[in-house]
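Here is the structure we will look at, set down as structure tokens.
Please treat every number below as a calculation from the coordinates, not as lab data. Not measured: the values here are computed from a predicted model. Glycine also receives a Cβ, built like all others from the backbone with ideal geometry; neighbour counts cover every protein chain displayed.
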Amino acid sequence: MKLIALGCRNCGGPLEVPEDAKYVTCTHCRSRLVIKHSGSAAHTEKIDAIDRRTGRIEEQVDNLHRRKALAELDRHWNIKRETYYHGNRRPPSRIHSLACVWIVVLCGILWSGLIAGATIGFWRELQGLGAGILVLLWAVGTSIAVSGLRRCITLHRAAVTYETAEDQYRQRRSELAGELKDEGSD
């Protein structure tokens with residue numbers, strides 16, 4: 001068996017190892033070494049240094065996977081978010097739905113007041129067809145107000161659904177972003 005002369009990568013001490021050996025422990029400093037062969041030349045490298053580099057590479061790969069997951073989450077949210085807009089430029093909001101309720105209620109009160117005022121003021125003069133028209137106007141106003149309230153309830157539900165989905169997205173994004181490691185901190 002042919003021996004080759006090498007130097008310890010840690011302490012520089014001389015080593016003689018079989019030429020087909022892959023690992024050696026330095027007899028001088030007890031460092032664990034790997035033997036690297038390249039053509040006719042060979043050298044040693046500390047296994048601990050390889051382990052540290054491998055650990056850093058694993059962290060970088062993990063970070064790449066996390067960044068990819070973060071980008072994928074953002075992409076999916078952008079697609080999903082558009083489904084909540086229903087053709088609007090802005091997402092649904094509770095404030096918008098509450099404003100809608102107030103507008104519908106105020107219009108309903110105004111409409112009812114106008115019809116009631118007209119009914120009280122003209123009831124004696126209105127006979128037959130005129131009274132029927134006022135009742136019809138009141139019924140139309142009431143149905144419009146009910147339809148408006150339904151729309152407001154729909155807007156409110158959409159706003160709550162959107163806010164819940166957005167909260168879930170932000171929470172998951174925060175978790176993924178928190179798992180990212182600073183790659184320059186070694």
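Modelled this way, with points 7 Å down the Cα-to-C-beta line, the labels at ILE47 and ARG157 are 6.5 nm from one another. For the stretch 38-74, the residues whose backbone nitrogen is under 19 Å from a point 7 Å from the Cα of ARG30, taken along Cα to Cβ, are 46-49.
At an R0 of 30 angstrom, the distance between the Cβ atoms of SER147 and ARG81 translates into a FRET efficiency of 0.60.
At 222 nm, what value in deg cm²/dmol follows for the chain if DSSP H runs of at least 4 each add -39500 (n - 2.57) and the sum is divided by all its residues, to the nearest 500? Each step should come with its number before you reach the end.
Details: 3 runs with 119 residues, N = 186.
The helix contribution divided over the chain gives -23500 deg cm²/dmol.
Working note: Karplus 6.51/-1.76/1.60 with θ = phi - 60° gives the stretch 19-30 the couplings 5, 9, 5, 10, 9, 8, 10, 5, 6, 8, 10, 6 Hz, where Gly and Pro are set to x.
Report the net charge of residues surrounding ALA21, where surrounding means a beta-carbon distance below 12 angstrom and charges are Lys +1, Arg +1, Asp -1, Glu -1. Mind showing how you got there, number by number?
Numbers: positive: LYS2, LYS22, LYS36; negative: GLU16, GLU19, ASP20.
Around ALA21, the charge tally is 0.
For HIS96, the shell of other residues with beta-carbons less than 13 Å away shows a net charge of +4, using +1 for Lys and Arg and -1 for Asp and Glu. With θ taken as phi - 60° and the Karplus curve 6.51 cos²θ - 1.76 cosθ + 1.60 applied, the whole-hertz 3J(HN,Hα) list for the stretch 2-14 is 8, 9, 10, 9, 9, x, 5, 6, 8, 10, x, x, x Hz, x standing for glycine and proline.
Within the listed set GLY39, GLY108, GLY117, the residue fluctuating most in the Gaussian network model of the chain (springs between alpha-carbon atoms under 10 angstrom) is GLY39.
For the chain, CYS107 stand unpaired, since no other cysteine beta carbon lies under 4.7 Å from theirs. If you take all other residues with their beta carbon under 14 Å from the beta carbon of TYR84, and give Lys and Arg +1 and Asp and Glu -1, the sum is +2. Entry note: the stretch 1-94 has Rg to Rh equal to 1.52, where both radii use alpha-carbon atoms and Rh is the Kirkwood radius. Quick one: plug the Kirkwood hydrodynamic radius of the chain (C-alpha pairs) into Stokes-Einstein at 10 °C, 1.306 mPa s, and report D in µm²/s. It comes out at roughly 65 µm²/s. Note on LEU64 and LEU110: their simple-model spin labels are 6.3 nm apart, each label 7 Å out from Cα toward Cβ.
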